[in-house]
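Visitor: Here you go, one structure.
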Amino acid sequence: MSSGGVHGVGSRVDAGQRTDGVVDFLGTAITWIGGDPDAEACAACGHPWRPGVAEARATIATAPETYPALLATGDPYRVPDGLTWHGTAYTVHVADLCRAWAERIVGHVGEPERQLAGFDPDELADARNYLGMTATAAAWSLRHGVELLLATADDEAAARTFHHDEWGEASFGDGLRWLAHEVAHHEQDLARCLA
Ligand SMILES: [Zn+2]
């Protein structure tokens, strides 16, 4: 695992395959962060890998309340032993992922023939200087990122399927499932940072 712990959709990993030979986007993503795609839940944080779409949306919707509340409990710029990001950086990471997935949905509705654009979350973190950002801006960005995502990711959008060159077939519902894990997992990272 690299600094962010868990990530969005990258493009630097070999595609994983299920036992039936189908390249599975969510399974590949889980494998990429060192998880077991056949398990019910993440061994590290306990969050289910494949919740229902409504459940995933509900988890994501908690972030604009829980993350700033956690950041307010201590030093939002403290990087604890074993991590390379502070709480503010994790908050910006989740905000950027939510906005990126909202963009992907909008883009797919308009131009479904285009591939999903992957990016490296660690490179994004360096380019945007997450470690230099303010907790105030991070909380603001997270609120707006989640608002954009939830306004975009309705049931119709969640049912849309896309193909990623390396990561295989998926629906945007899988994207929501992935993001829900990001929210839950990094909430625990945040708690470690603020402890
Ligand atoms: Zn986890």
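Visitor: Taking the criterion of being at pLDDT 95 or above, under 20 Å from the mean Cα position of the chain (by Cα) and basic (K, R), would at least one residue in region 52-70 satisfy it?
Guide: Yes, region 52-70 contains a residue that is at pLDDT 95 or above, under 20 Å from the mean Cα position of the chain (by Cα) and basic (K, R).
Visitor: If you don't mind, another one. Within region 8-15, does at least one residue satisfy the condition of being of a type in the set (G, A, S) and modelled with pLDDT of 95 or more?
Guide: Within region 8-15, the subset of a type in the set (G, A, S) is 8, 10-11, 15.
Next, only the ones that are modelled with pLDDT of 95 or more stay: none.
No, every residue in region 8-15 fails to be of a type in the set (G, A, S) and modelled with pLDDT of 95 or more.
Visitor: Report, by residue number, each residue of region 86-131 that is assigned to a loop (DSSP other than H, G, I, E, B), surrounded by 14 or more Cβ atoms within 10 Å (Cβ to Cβ) and either among the β-branched types (V, I, T) or touching a helix residue (DSSP H, G or I) at 6+ places or on another chain (Cβ under 8 Å) (or both).
Guide: H86, L116, F119
Visitor: Please specify each residue of region 59-78 satisfying the condition of being in contact with a Gly (Cβ under 9 Å, 6 or more places away or on another chain) and not in a loop (DSSP other than H, G, I, E, B).
Guide: Correct list: A63, P64, Y67, L70, L71.
Visitor: Follow-up question, since we're still on this one. Is at least one residue of region 168-190 out of contact with any strand residue (DSSP E or B) (no Cβ under 6 Å at 6 or more places or on another chain), over 23 Å from A41 (Cβ atoms) and of a type in the set (A, V, I, L, M)?
Guide: No, region 168-190 contains no residue that is out of contact with any strand residue (DSSP E or B) (no Cβ under 6 Å at 6 or more places or on another chain), over 23 Å from A41 (Cβ atoms) and of a type in the set (A, V, I, L, M).
Visitor: Quick check: is even one residue across region 153-175 in contact (Cβ under 8 Å) with a residue 24 or more places away in the chain, under 15 Å from A56 (Cα atoms) and basic (K, R)? Before you say what the answer is, go through the steps one by one.
Guide: Let us first name the residues in region 153-175 that are in contact (Cβ under 8 Å) with a residue 24 or more places away in the chain, namely 153, 155, 157-158, 160, 162-170, 172-175.
Checking which are under 15 Å from A56 (Cα atoms) leaves us with 153, 155, 157-158, 172-175.
Still in the running and basic (K, R): none.
Within region 153-175, none of the residues are in contact (Cβ under 8 Å) with a residue 24 or more places away in the chain, under 15 Å from A56 (Cα atoms) and basic (K, R).
Visitor: Now a separate question. So if I check each of T59, T28, T73, which one is away from the ligand (no atom under 15 Å from the Cβ), under 20 Å from V94 (Cβ atoms) and of a type in the set (V, I, T)? Break it down into steps so the answer makes sense when it comes.
Guide: Details: T59 fails: away from the ligand (no atom under 15 Å from the Cβ); T28 fails: under 20 Å from V94 (Cβ atoms).
From the options T59, T28, T73, the qualifying one is T73.
Visitor: Another question, then. In contact with a Cys (Cβ under 8 Å, 6 or more places away or on another chain), of a type in the set (V, I, T) and over 19 Å from W32 (Cβ atoms) - does that describe any residue in region 143-150?
Guide: Just the residues of region 143-150 that are in contact with a Cys (Cβ under 8 Å, 6 or more places away or on another chain), to begin with: 145-146, 148-149.
Now restrict to residues that are of a type in the set (V, I, T): 146.
Pick out the ones that are also over 19 Å from W32 (Cβ atoms) and you get 146.
Checked against the condition, which is being in contact with a Cys (Cβ under 8 Å, 6 or more places away or on another chain), of a type in the set (V, I, T) and over 19 Å from W32 (Cβ atoms), region 143-150 yields at least one hit.
Visitor: Quick check on region 31-48: of everything there that is of a type outside the set (A, V, I, L, M, F, W, C) and surrounded by 16 or more Cβ atoms within 10 Å (Cβ to Cβ), which residue is nearest to the ligand (Cβ to nearest atom)? Walk me through it before giving the result.
Guide: We begin by selecting, within region 31-48, every residue of a type outside the set (A, V, I, L, M, F, W, C); these are 31, 34-38, 40, 46-48.
Then drop every residue that is not surrounded by 16 or more Cβ atoms within 10 Å (Cβ to Cβ), which leaves 31, 35, 37, 47-48.
On the way: T31: 13, G35: 7, P37: 13, H47: 5, P48: 10 Å.
Ranking the qualifying residues of region 31-48, first place goes to H47.
Visitor: Just wondering, is there one or more residues in region 85-102 that are in contact with a Pro (Cβ under 6 Å, 6 or more places away or on another chain) and at pLDDT 95 or above? Outline the logic, then answer.
Guide: Quick first cut of region 85-102, residues in contact with a Pro (Cβ under 6 Å, 6 or more places away or on another chain) only: 87-88.
Those still in the list that are at pLDDT 95 or above too: 87-88.
Scanning region 85-102, I find at least one residue that is in contact with a Pro (Cβ under 6 Å, 6 or more places away or on another chain) and at pLDDT 95 or above, so the answer is yes.
Visitor: Related question: Kindly indicate the residue of region 171-195 that is of a type in the set (A, V, I, L, M), over 8 Å from the mean Cα position of the chain (by Cα) and modelled with pLDDT of 95 or more and also farthest from the ligand (Cβ to nearest atom) among those meeting that condition. Break it down into steps so the answer makes sense when it comes.
Guide: From region 171-195, those of a type in the set (A, V, I, L, M) are 176, 179-180, 183-184, 190-191, 194-195; that's our starting set.
In the following step, the residues that additionally are over 8 Å from the mean Cα position of the chain (by Cα) were identified as 176, 184, 190-191, 194-195.
Filter again for modelled with pLDDT of 95 or more, leaving 176, 184, 190-191, 194.
Values: L176: 16, A184: 7, L190: 13, A191: 13, L194: 18 Å.
Looking at the filtered set, the residue picked out is L194.
Visitor: Given the criteria within 16 Å of the ligand (Cβ to nearest atom), of a type in the set (S, T, N, Q), surrounded by fewer than 20 Cβ atoms within 10 Å (Cβ to Cβ) and over 11 Å from L194 (Cα atoms), does T66 qualify?
Guide: On the way: within 16 Å of the ligand (Cβ to nearest atom): yes; of a type in the set (S, T, N, Q): yes; surrounded by fewer than 20 Cβ atoms within 10 Å (Cβ to Cβ): yes; over 11 Å from L194 (Cα atoms): yes.
Yes, satisfied.
The values are calculated or read from the model by the stated rules, or taken from the named source; none is laboratory data. Because the structure is a prediction, the values reported are computed rather than measured. We place every Cβ from the backbone using ideal geometry, glycine too, and count neighbours over all the protein chains shown.
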